[in-house]
Amino acid sequence: MSDMPAVPQGFADLVAPVDPRSAWDLPAPGGMPTTAALEPLVTRVLAPNPSGMTLDGTNTYLVGKPGSGEAVLVDPGPDDPAHLNRVSSALADRDVRCVAVLVTHHHWDHAEAALPWSAHFGVQVAAADPAVIGPQGRVLRPGEQLSLAGTSIGVVPTAGHCWDHLAFRVESGAVLVGDHVLGRGTSVVTHPEGDVVAYLESLRRVYDLGPSALYPGHGPELTEDPVAVLDFYRLHRDFREQQIVALLSDDAAQPVSALVEVIYAAVPRSLWPAAEQSTRAALAKLERQGRVHVALEGVRLVG
Ligand SMILES: [Zn+2]
């Protein structure tokens, strides 16, 4: 094809890692139930905000011990009356009241409803970002154990997607991973607030927990082999980095947009701004390692 940019042989020879979920029986996009009891401790309520970035919509989780009469809300999501209705019905159906709101990270699709709904339920918001929790909230510290709704919830630092990202480990061994790991595809490392090195460390941290399941901020729950998905995420980052290096040379600088065009040729253009953030985040890691030079006119290998 004449309009396709020529790519070096080294780039064309790279082999993408296989996503283990391609062999799993996951619901098709748009096919997730609105409310689903994932296990005795955890119920998921899907928000009505599907998009290219939010997949099926934001997943809001209710966590609490059956019989405690209480539940914690994790990632309330968009401040949408239809979503509040869904969440309120799920609480009523389980005969529980909301006792706290936890937020994985400050992005709007997870945090917008935190303050209005905490006022609605008369409870506190807890998160890593002081801007999310409001004047009455509580800043969460990495590694702390929260005793809430008759159960124990571990606060797992998972910076990378963005600086304030947390995951929450529930007593069953399942981990609520927010946007650190998604139910479909891979996550974006935002730039400049995200950090690929931190992201990889966070993947390792969740891996070392030996999660029994991953409950993502978007897309279906990952229960079949969660550790295989974490492996795939690590290999996927390595693959993207190899692709970038294979496209660069040490004499001519290339604009980042040209790298995105080639690496993400098969991805809808509407997702290229996010792809460019992930590419810039990968370049920041390579630059820190002294392997590339990033300037206004473009990127080149350090010769
Ligand atoms: Zn999100």
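For this structure, a couple of remarks:
- Qualifying positions in segment 204-216 - surrounded by fewer than 22 Cβ atoms within 10 Å (Cβ to Cβ) and among the hydrophobic types (A, V, I, L, M, F, W, C): L209, A213
- Scope segment 182-211; condition within 26 Å of A28 (Cα to Cα) and touching a Ser or Thr at 6+ places or on another chain (Cβ under 6 Å); matching residues: V188, V189
- Residue count for segment 38-49, restricted to those that are in a loop (DSSP other than H, G, I, E, B), surrounded by 21 or more Cβ atoms within 10 Å (Cβ to Cβ) and more than 16 Å from the ligand (Cβ to nearest atom): 1
- Screening segment 27-37 for residues that are surrounded by fewer than 17 Cβ atoms within 10 Å (Cβ to Cβ) and of a type in the set (A, V, I, L, M) and picking the one that is modelled with the lowest pLDDT gives A28.
- Per the listing G57, G52, G67, the residue uniquely surrounded by fewer than 22 Cβ atoms within 10 Å (Cβ to Cβ), within 16 Å of the ligand (Cβ to nearest atom) and in contact (Cβ under 8 Å) with a residue 60 or more places away in the chain is G52.
- Subset of segment 9-26 [loosely packed, with under 12 Cβ neighbours inside 10 Å, acidic (D, E) and either touching a helix residue (DSSP H, G or I) at 6+ places or on another chain (Cβ under 6 Å) or within 18 Å of A265 (Cβ to Cβ) (or both)]: D13
- When each of G194, G183 is tested for being touching a Cys at 6+ places or on another chain (Cβ under 7 Å) and of a type outside the set (D, E, K, R), the lone residue that passes is G194.
- The residues in segment 74-97 that are within 16 Å of the ligand (Cβ to nearest atom) and assigned to a strand (DSSP E or B) can be counted, and the count is 1.
- Of all residues in segment 112-142, those that are within 12 Å of H165 (Cα to Cα) and either hydroxyl-bearing (S, T, Y) or assigned to a loop (DSSP other than H, G, I, E, B) (or both) total 5.
- Test for R237: is it more than 16 Å from the ligand (Cβ to nearest atom), under 22 Å from the mean Cα position of the chain (by Cα) and over 24 Å from L26 (Cα atoms): no
- Scope segment 219-228; condition in contact (Cβ under 8 Å) with a residue 40 or more places away in the chain and more than 16 Å from V42 (Cβ to Cβ); matching residues: E224, D225, A228
- Filter pass, R240 being over 19 Å from H106 (Cα atoms), without any contact (Cβ under 8 Å) to a residue 40 or more places away in the chain and not hydrophobic (A, V, I, L, M, F, W, C): no
- For first residues located in segment 103-124 and farther than 16 Å from N85 by Cβ and within 16 Å of the ligand (Cβ to nearest atom), partners that are among the aliphatic types (A, V, I, L, M) and modelled with pLDDT under 95 and lie 6+ apart or on another chain with Cβ distances below 8 Å form the pairs D109/M53.
- Total residues in segment 51-88, condition over 14 Å from the mean Cα position of the chain (by Cα) and either over 27 Å from S152 (Cβ atoms) or charged (D, E, K, R) (or both): 12
- Subset of segment 118-145 (residues that are of a type in the set (A, V, I, L, M, F, W, C) and under 19 Å from the mean Cα position of the chain (by Cα)): A126, A127, A128, V132, L140
- Qualifying residue in segment 194-215 (condition: within 13 Å of the ligand (Cβ to nearest atom), touching a helix residue (DSSP H, G or I) at 6+ places or on another chain (Cβ under 7 Å) and touching a residue at least 12 places away in the same chain (Cβ under 8 Å)): yes
The values are calculated or read from the model by the stated rules, or taken from the named source; none is laboratory data. Everything numeric here is computed off the predicted structure, so don't read it as measured data. Reconstructed Cβ throughout: ideal geometry from the backbone, glycine too, with neighbour counts over all protein chains shown.
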